Amino acid sequence: MTHDLKPYPEYKDSGVEWLGRIPVHWELKPGLVAFTPKQVKNTGLTEKTVLSLSYGRIVVKPEEKLHGLVPESFETYQIVDPGEIIIRGTDLQNDKNSLRIGFARHRGIITSAYLCLKPTKIVSSEYGYHILNVYDLTKAIYRYGSGLRQNLDFSDIKRLPVFIPPRDEQDAIVRYLNTIDQRIRRFIRNRQRLIEVLNEQKQAIINRAVTRGLDPNVKLKPSGVEWLGDIPERWEARRLRTLAAVRASGVDKNTNEDEVPVMLCNYVDVYKNDRITAAIDFMKATATPEEIRAFELKAGDVIITKDSESWDDIAIPTFVPEDLPGVVCAYHLALVRPFSEEIEGEFLFRAFLSDPVADQFRVAATGVTRFGLAQGVIKGAFFPLPPLEEQRAIIAYINEKYAEISQAISRAEREIELMREYRTRLIADVVTGKVDVRGITAEQKKPARVIQFPKRKEQNGPWANVHFRRAVFAAEIVARLHKEPTFGHVKFQKLIFLCEKKCGVDLGSTYYRQAAGPYDNRALRSIDSQMKKQKWYASQMIEGRYRYVPLSRAGGHKTYFDRYFADIEKEFSKVVETFRKLDTERCEIVATLYSAWEDLLKKNQRVSDERIVHEVLNNWHESKKRIPRERWENALNWMRQNGFVPGTIRQSGETS
């Protein structure tokens, strides 16, 4: 994989089996020449920044994660300075997968169970890290260590053979690897972002298909359920108890002599698989004959998780496509058996995956450190119900689209895997002298086989996919208003709509006429997901309503906002500040009127206040009639006075 990098002119035998030959002018020394141990206790709590070794990198641990298994006092931790090397040398015998070496770039404290090394003058700090990192990446480190669980300490490190080129050559190696690593990480981030977008596409397909069907022109009617919104005219909205039998399992993993041997479909099996089949390696346990009759898996069953550590990660479903004799649904799960004359099991499985259905369970989950769903809550949830023949068409459509997207995701995941393998091999070859990078700068010579992509055309600033740009746009609203008592989910969505319209930006949203005004549930879920993944803000249920709370990187969106939206910031601020203190219903009224007004203008009609209000009260949603006509009319006057008009204002009170 490094065929475009040449070897050194001359080599010598290192005498180390796994290392092989090294360049003739390199030295081979024991580890004690290159590294010295260091441990300075955090006496008096002089340092507050807590560090963590995560996937081979030393990172600052966010304050919100400093709970659970932490010491009574961080005085027991050791102080680490930039340029020092951390080694987790414990339990080599039982864990041969973890990356154990990290390079500190921040001053802070870390557990004293780790070994801290300070490079000597013979090696630069970063090259010293690369030496030990090669031991880690190639698994050569597992040749060392002592004790029952094979622990590594400095008595082992000081005996390690270390390969030392001249200092200028060390610097060249570090420069080359740093630049290549940046490029590879950028490639991997792009592929990970692509996977996120593809998964969002899968979710959008689910949301649309199971709540609206496949006909884009179908006539809709109010479902009567806020979570579902409008549904096709021939569909129903039904509680789960009328569509399926729901049983919460209590079958545990214990083996009892007086019970029947079974295979257990457990929580992890459900959480990690879309399908439960005989190919899964099920846990062995026992169950009573009554439990087997109630919970043995049958074709068409749906199983959901009814407990979770997080309220927004609950009721995760899986589907059972065929009978599985002897396989029983385990505890922490609920078995949902559809009534075949009402609903297809696979359609029910897909419906559980849709946001309008899943939201009902997220809100209903109760708990503090662990959340759960009562059986009555599961039975009481509303589901969209098309006719059976339409359910089958929807299943076929989703399966076809999912297969296409899943194939693209698999390709992206494989590319990430191959690129990581390439990086490991390249680092090992460069640091151990198998290839010569002297005189080669990464700017002059690109890494072999690193895939290069054409540059994107810039759209409203440097390119980013629409999902990310939309999340940045929305995060700025949250940053400015999350402390306001009137700010919640509904007001948030209305402000996104109004800011998009007033600022003239297209963020890929598709707004529907819902009970609370123009609403794009898919976009809002995407925004919430992106903000949480970026660790900016998270939506949480607090005192019966959704509120937004800052996460460890709150405010981190601002750099992107300034890059993408600097030209509309003034208008954006005007909208946000206008609605800062207004309650949710006032925002709903203005957003609804704006949308109805805009729709009439798109039809090239002359628009009057009477026609706008008539459109809202008669062609929007039945719930709009709860608000007196006079409030709608007064709101139109307010909108004109404050510039919230989707057309040119005329003196007659009409617009065009």
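Only the coordinates and a few stated rules stand behind these numbers; no lab work does. Note that the coordinates shown come from a computational prediction; the quantities given were computed from them, not determined experimentally. Reconstructed Cβ throughout: ideal geometry from the backbone, glycine too, with neighbour counts over all protein chains shown.
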Would you mind checking which residues have amide H under 5 Å from Y537's amide H? H placed 1.01 Å from N; only 5 or more apart, or other chain. K532, L551
Cβ neighbours within 10 Å, averaged per peptide: list 490-497, 259-266 in order, most packed at the top. 490-497, 259-266
What number, rounded to the nearest 500 deg cm²/dmol, is the helix-based mean residue ellipticity at 222 nm of the chain, given -39500 (n - 2.57) per DSSP H run of at least four residues and division by all its residues? -12500 deg cm²/dmol
Here Rg/Rh (Cα, Kirkwood) for the chain equals 1.03
Nearest-0.05 FRET efficiency for V59 and M283 at R0 = 41 Å, using Cβ-Cβ distance, is 0.75
Normalised by the number of residues in the chain, what is the relative contact order in percent for Cα pairs under 8 Å and 6+ residues apart? 12 percent
Would you work out if the range 193-266 is rounded, prolate or oblate? Take a ≥ b ≥ c from the square roots of the eigenvalues of the alpha-carbon gyration tensor; rounded if a/c is under 1.5, else prolate when a/b is larger than b/c, oblate otherwise. oblate
Filter on K202/K494; K48/K272; K61/K306; K61/K574; K602/K625; K221/K625 - keep pairs with C-alpha separation over 27 Å: K48/K272; K61/K306; K61/K574
To make sure I understand, if each residue's beta carbon is the centre and we count other beta carbons within 10 Å, what order do E196, E400 fall in, fewest to most? E400, E196
Any chance you could give the angle, 0 to 90 degrees and rounded to 10, that helix 609-619 forms with the longest Cα principal axis of the chain? 80 degrees
Just to confirm my numbers, what's the Cα centroid distance between the range 569-627 and the range 236-255 in Å? 43 Å
Extending each Cα 7 Å along its Cβ direction at R193 and E577, get the distance between those two points in nm, one decimal. 3.2 nm
In degrees between 0 and 90, to the nearest 10, how far off the longest principal axis of the chain does helix 489-503 point, with axes built from Cα atoms? 90 degrees
Please report the net charge: other residues with Cβ closer than 15 Å to the Cβ of F561, K and R +1, D and E -1. +1
Checking the a/c ratio against 1.5 first, then a/b against b/c, what shape does the Cα gyration tensor give for the range 69-212? prolate
For the range 539-624, what class follows from the C-alpha gyration tensor (a ≥ b ≥ c being the square roots of its eigenvalues): rounded when a/c is under 1.5, otherwise prolate if a/b is larger than b/c, else oblate? oblate
Considering only the other residues whose Cβ falls under 12 Å of the Cβ of R239, what net charge follows from Lys and Arg at +1 and Asp and Glu at -1? +1
Against the longest alpha carbon principal axis of the chain, how many degrees, from 0 to 90 and to the nearest 10, is the axis of helix 584-602 turned? 80 degrees
Among 586-593, 381-388, 44-51, what's the highest-first ranking by average C-beta atoms within 10 angstrom per residue? 586-593, 381-388, 44-51
Summing +1 for each Lys or Arg and -1 for each Asp or Glu, what net charge is found among the other residues whose Cβ lies under 12 Å from the Cβ of K401? +1
Report, ordered by chain and residue number, the aspartates and glutamates lying within cross-link reach of K532, taken as a straight Cα distance under 17 Å and ignoring same-chain residues fewer than 8 apart. E63, E64, E196, E200, E309, D312, D313, D355, D359, E476
I need to check one value: relative contact order of the range 583-656, counting alpha carbon pairs closer than 8 Å and at least 6 residues apart, in percent. 40 percent
Taking neighbour Cβ counts within 10 Å as the exposure measure, how do H489, H25 sort from fewest upward? H25, H489
